[in-house]
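As structure tokens, the structure follows; a few thoughts come after it.
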Amino acid sequence: MKPKVAFFDFTSCEGCQLQQLNCEDELLGILAAVEVVNFREATSVRRDDYDIAFIEGSISTPSCVERIRKIRENAKVLVTLGACASTGGLNMLKNFQPLDKVRTYVYGDKAGYFDTLPVRPVDQVVKVDYKVHGCPMDKQDYLETVKALLSGREPRQVKYPVCVECKMKENACRYDYGETCLGPVTRAGCGARCPSNNYICFGCRGLVDSPKTDAANDVLKERGLSAQDVLKKYRLFYGYSEVAE
Amino acid sequence: MTTEKTFDINVHHVTRVEGHGNIVVNVKNGKLEKCELAIVEAPRFFEAFLRGRSWKEAALITSRICGICSPGHQLTSLKATEDAMGIKVSEQTLLLRKLMVAGSFLQSHVLHVYFLVSPDLVGQPSVIPLASSMPDVVKRALKLKKLSNDICDVVGGRAVHPITMIPGGFTKIPAADDLKKLRDRIVEAIPDIIATVELVAALAGKLPNFTRETEYISLGGGNGEFPLYDGQICSSDAGLTPDKNYRKMTNERVVRHSSSKHTAVNRSSYMVGALARCNNNAGKFNATGKKAAAALGYTAPCFNPYFNNVCQVIECGQIVEDALGWIDKLLATGLKEEPVSVKPRAGTGVGCTEVPRGILYHEYTYDDNGMVVDANCIIPTGQNLANIDEDMKKLVPEMIDAGKSKDDITFALEMLVRAYDPCISCSVHLLDVQFVE
């Protein structure tokens with residue numbers, strides 16, 4: 001029996017669903033190995049008898065909360081795809097402004113028309129079994145998780161920061177260009193894609209497990225910077241960890 | 001003959017569109033009482049959280065409004081920031097950006113036509129069954145999609161949320177060899193584009209024969225090139241207007257049934273997207289665009305909204321030929337690193353480009369330190385929503401009069417919504433309202 005899979009989207013840009021479709025070389029192979037029973041963006045078929053639920057997006061309205069709880073009840077395995085679902089992502093920026101002001105700024109005196117809640121990553125509402133990180137999620141990372149799930153093994157999880165991958169690519173350090181980069185404390189697995197394109201790491205994969213903050217502080221100190229100088233940058237994608245602390 | 005005189009249609013979360021929308025129709029005693037596309041996407045609040053962020057981050061943040069339109073959001077954002085700070089970009093940057101536009105249009109159009117629209121025309125719920133029943137067609141779609149993503153990868157470092165595009169230029173310039181390889185692959189893909197034209201031409205007869213003239217708004221003017229990145233705002237009713245006047249050309253308003261705002265200019269609604277672009281700029285088709293238009297039976301102006309999909313295919317041909325020209329220019333001049341140095345300053349700027357679903361506007365006001373004070377983004381899908389409602393209001397009574405069943409009407413309405421290629425997560429973000437402290 002092929003495993004039945006379903007895809008659901010919450011508050012997000014749907015870029016991670018697009019990343020799945022962008023696995024052009026593997027897509028037909030994956031489709032042959034599973035039965036897609038629910039994927040609103042791609043098919044009119046909608047069933048609730050799925051084994052694996054892939055979730056994109058953060059939880060930001062009362063109806064999101066209700067929907068994700070139902071999905072959790074139905075699914076044997078629940079996997080979050082990308083930063084919005086896994087860590088709250090950029091949507092978290094909303095939480096740093098008073099909610100009523102945010103609503104008035106965008107919808108004026110009609111703000112009351114549309115429900116909204118402080119943004120949360122999925123694991124703050126229901127249990128999450130596996131997370132694929134990144135904004136957007138990395139294709140290789142996603143394929144590794146899918147392959148692992150289909151063959152009944154644990155997905156490989158990277159436990160070191162982006163700096164490690166960046167050094168292996170022999171990139172020049174962004175700090176040497178007078179920039180502030182979040183590579184020292186951000187979970188790797190992206191192949192240091194941004195620094196390899198001469199851009200800073202802005203932390204879209206979230207904090208690495210047990211980050212070496214001392215070492216990161218040393219890097220900052222050497223450049224005459226403090227944690228405060230990078231904190232605002234962290235907020236782009238680390239919003240939830242900041243609130244939690 | 002329809003047996004029902006009184007019925008409701010409620011399509012909850014229309015499938016094969018980007019984002020969450022519901023179709024709501026109430027018919028009582030053969031009379032249409034209510035007909036609308038309700039937008040139930042969770043509000044995003046991008047403009048609110050842009051405030052206080054740096055000029056360097058504006059494109060990175062607005063890119064996340066929408067994955068599929070991310071290159072377009074970035075380009076529009078960069079143009080707005082550059083306008084606000086008086087930054088001029090080089091010819092090389094301009095050509096590379098246009099190449100990025102080409103990649104992202106081709107990606108989006110191929111995805112929409114093959115994956116989201118064609119299942120309706122061959123009576124399938126999705127593209128998945130087609131993988132076994134029409135494998136060559138699906139493989140061709142994937143090949144074209146991969147090519148368009150690779151264009152964006154080479155130029156932007158990544159197709160979804162590109163990395164290299166910054167205010168003033170690029171962090172990294174593609175290698176000439178990589179561009180040459182892309183060129184060869186685009187040339188190889190031309191037969192695939194022709195096959196796409198033939199496929200859609202064969203299916204175009206299945207598109208509903210429905211017309212409703214409306215106002216068509218897109219980029220226009222420019223230097224004779226089919227305008228996707230540069231130009232003025234062009235209305236089929238009112239002609240050309242500079243992009244600074246975009247607020248007059250949109251008039252956003254909040255409506256109860258949609259977390260995305262509605263717009264109108266000279267009529268109760270207007271249309272943006274491939275059909276609007278082709279209607280306003282058919283005179284600028286290149287040879288490939290002209291050939292595709294002829295094969296698909298398109299002549300401007302066309303008032304059938306379902307033909308938006310046909311126009312997307314014409315644009316695929318148009319873009320492929322233009323992209324080859326841009327690569328040739330880049331290779332002839334030789335690619336060079338161009339260090340970008342920008343000193344942020346206070347100011348207000350507007351950026352306007354075409355993205356696959358229509359004309360997109362960003363406007364930012366920056367303070368002396370280059371921090372965002374005010375932001376406004378007006379998204380194509382938001383601009384189309386009022387027009388979709390108007391189309392539905394004409395289509396449903398016509399179908400009731402013709403004795404069509406509720407199922408036929410539902411199907412035609414879902415196809416209509418899909419024809420617009422709505423990008424709902426994009427459209428839900430909004431503003432136009434002054435912030436009151």
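Every number here is computed from the coordinates shown, using simple stated rules; none is lab data. Bear in mind that the values here come from a model prediction, so they are computed numbers and not experimental data. Cβ sites come from the backbone with ideal geometry, for glycine too, and all protein chains shown count toward neighbours.
Rounded to the nearest 20 Debye, what is the dipole magnitude of segment A:162-244 about its Cα centre when Lys and Arg each give +1 and Asp and Glu each give -1 at the C-beta? Present the calculation step by step, with values, prior to reporting the outcome.
Working: 12 positive and 10 negative charges, 47 e Å.
For segment A:162-244, the charge dipole is close to 220 debye.
Please report the antiparallel percentage of the DSSP beta bridges confined to chain A, to the nearest 5.
Just about 25 percent of them are antiparallel.
Given R₀ = 35 Å, FRET efficiency for B:Val122-A:Arg69 by Cβ-Cβ distance, to 0.05?
0.40
Give the relative contact order (percent, whole number) for chain A; include only Cα pairs under 8 Å separated by 6+ residues.
18
Would you please give the residues with an amide H less than 5 Å from that of B:Ser260, counting only those at least 5 places away or on a separate chain, with H modeled from the backbone geometry?
B:Ile39
Across segment B:372-382, in residue order, what do the Karplus-derived ³J(HN,Hα) couplings come to in whole Hz, using 6.51 cos²θ - 1.76 cosθ + 1.60 with θ = phi - 60° and x for Gly and Pro?
5, 9, 9, 9, 8, 10, 10, 9, x, 4, x
If a/c stays under 1.5 just call it rounded; otherwise compare a/b with b/c (prolate if a/b is bigger, oblate if not). Do that for chain B, with a ≥ b ≥ c from the square roots of the Cα gyration tensor eigenvalues.
Oblate shape, in that a/c is at least 1.5 and b/c is the bigger or equal ratio.
Taking loop as defined by DSSP and a crowding limit of 12 other beta carbons within 10 Å, which trypsin sites (Lys or Arg not before Pro) in segment A:147-216 fit?
Numbers: sites: A:Lys147, A:Arg153, A:Arg156, A:Lys159, A:Lys167, A:Lys169, A:Arg174, A:Arg187, A:Arg193, A:Arg205, A:Lys212; in loops: A:Arg153, A:Arg156, A:Lys159, A:Lys169, A:Arg205, A:Lys212.
Loop-located and lightly packed - A:Arg153, A:Arg156, A:Lys159, A:Lys169.
Would you compute the Debye intensity of the protein assembly as shown from its alpha-carbon atoms alone, equal scatterers and no solvent, and pass along log10 I(q)/I(0) at q = 0.12 Å⁻¹ to two decimals?
With one equal scatterer per Cα and no solvent, log10 I(q)/I(0) is -1.41.
At 222 nm, what helix-only mean residue ellipticity would chain A give, in deg cm²/dmol to the nearest 500, using -39500 (n - 2.57) for each DSSP H run of four or more?
-11500 deg cm²/dmol
How fast does segment B:199-289 diffuse by Stokes-Einstein, in µm²/s, taking the Kirkwood radius from C-alpha pairs at 20 °C and 1.002 mPa s?
144
Go ahead and estimate [θ] at 222 nm for chain B from helices alone: -39,500 (n - 2.57) per DSSP H run with n ≥ 4, summed, over the residue count, rounded to 500. Write out the running numbers ahead of the final one.
Details: 14 runs with 189 residues, N = 437.
Mean residue ellipticity at 222 nm (helix-derived): -14000 deg cm²/dmol.
Pop a pseudo-label 7 angstrom from the Cα along the beta-carbon direction at both B:Glu188 and A:Val77 and give the gap in nm to one decimal.
Once both label points are built, they end up 3.5 nm from each other.
Find, among the GluC sites (Glu not before Pro) in segment A:161-220, those assigned to loop by DSSP (not H, G, I, E, B) with at most 16 other beta-carbon atoms within 10 angstrom.
Counting only loop positions with at most 16 other Cβ atoms within 10 Å, the GluC sites (Glu not before Pro) in segment A:161-220 are A:Glu170, A:Glu179.
Under the Karplus relation 6.51 cos²θ - 1.76 cosθ + 1.60, θ = phi - 60°, what is the ordered set of whole-Hz ³J(HN,Hα) values for segment B:306-320, x standing for Gly and Pro?
The phi angles translate into 5, 6, 3, 5, 4, 5, 4, 5, 4, 5, 4, x, 3, 5, 4 Hz.
Pick from B:Ala238, B:Ala300, B:Ala402 the residue whose mean-square fluctuation is largest in a GNM of chain B, springs joining Cα atoms under 10 Å.
So, out of B:Ala238, B:Ala300, B:Ala402, the one fluctuating most is B:Ala402.
Give the residues of segment B:390-426 whose amide nitrogen is closer than 18 Å to a point set 7 Å from the Cα of A:Gln97 in the direction of its Cβ.
Only B:426 pass the distance filter.
Would you look at the GNM of chain B, springs on alpha carbons closer than 10 Å, and say which of B:Asp367, B:Asp192, B:Asp184 moves the most?
Its mean-square fluctuation being the largest, the pick is B:Asp184.
Can you list residues whose amide H is under 5 Å from A:Val119's amide H, if they're 5+ apart or on another chain and H is modeled 1.01 Å from N?
So A:Val119 has HN proximity to A:Asn95.
Between A:Lys221 and B:Asp237, what FRET efficiency follows from the Cβ-Cβ distance if R0 is 41 Å, with the result rounded to 0.05? Let's see the in-between values first.
Values: r = 62 Å, r/R0 = 1.52.
With R0 = 41 Å, the Cβ-Cβ based efficiency is 0.10.
Other chains near B:164-170: what is the mean number of their Cβ atoms within 10 Å of each residue's Cβ?
Mean partner shielding for this stretch: 1.
What does the structure give for B:125-133 when I average, per residue, the other chain Cβ atoms found within 10 Å of the residue Cβ?
4
Between A:Ser44 and B:Ser90, what's the calculated FRET efficiency when r is the beta-carbon distance and R0 is 45 Å? Round to 0.05.
Calculated value: 0.45.
Can you compute 3J(HN,Hα) from phi for each residue in segment B:227-242, using the Karplus curve 6.51 cos²θ - 1.76 cosθ + 1.60 with θ = phi - 60°, rounded to whole Hz and x for Gly and Pro?
3J(HN,Hα) across segment B:227-242, in whole Hz: x, 10, 10, 10, x, 10, 6, 10, 10, 5, 8, 10, x, 8, 9, x.
Can you tell me how segment B:50-113 classifies by the Cα gyration tensor, rounded, prolate or oblate, using a/c under 1.5 as the rounded cut?
oblate
From the residues B:Val310, B:Thr62, B:Leu330, which one has its Cα farthest along the dipole of segment B:46-427 in the positive direction, the dipole being from +1 and -1 charges on Cβ of Lys/Arg and Asp/Glu about the Cα centre?
The one lying farthest along the dipole's positive direction is B:Thr62.
What does the average come to when, for each residue of peptide A:200-211, you count the partner chain Cβ atoms lying within 10 Å of its Cβ?
1
From Cα pairs below 8 angstrom and at least 6 apart in sequence, can you work out the relative contact order of segment B:46-427, rounded to a whole percent?
Relative contact order for segment B:46-427 comes out at 25 percent.
How far apart, in nanometres, would the label points at B:Glu198 and A:Glu179 be if each is projected 7 angstrom from Cα along the Cα-to-Cβ direction?
4.7
To check you understand DSSP bridge types, tell me what percent of the beta bridges within the protein assembly as shown (both residues inside) are antiparallel, rounded to 5.
For the protein assembly as shown, the DSSP antiparallel bridge percentage is about 70.
Rounded, prolate or oblate: which fits segment A:162-244, taking a ≥ b ≥ c as square roots of the Cα gyration tensor eigenvalues, rounded meaning a/c under 1.5, else prolate when a/b beats b/c?
oblate
For A:Gly203, which sequence-distant residues (separation of 5 or more, or a different chain) have an amide H within less than 5 Å of its own amide H, given hydrogens modelled in the peptide plane?
So A:Gly203 has HN proximity to A:Leu182.
Any idea what angle helix B:91-110 forms with the longest principal axis of chain B, computed on alpha-carbon atoms, 0 to 90 degrees, nearest 10?
Helix B:91-110 and the main axis of chain B meet at about 20 degrees.
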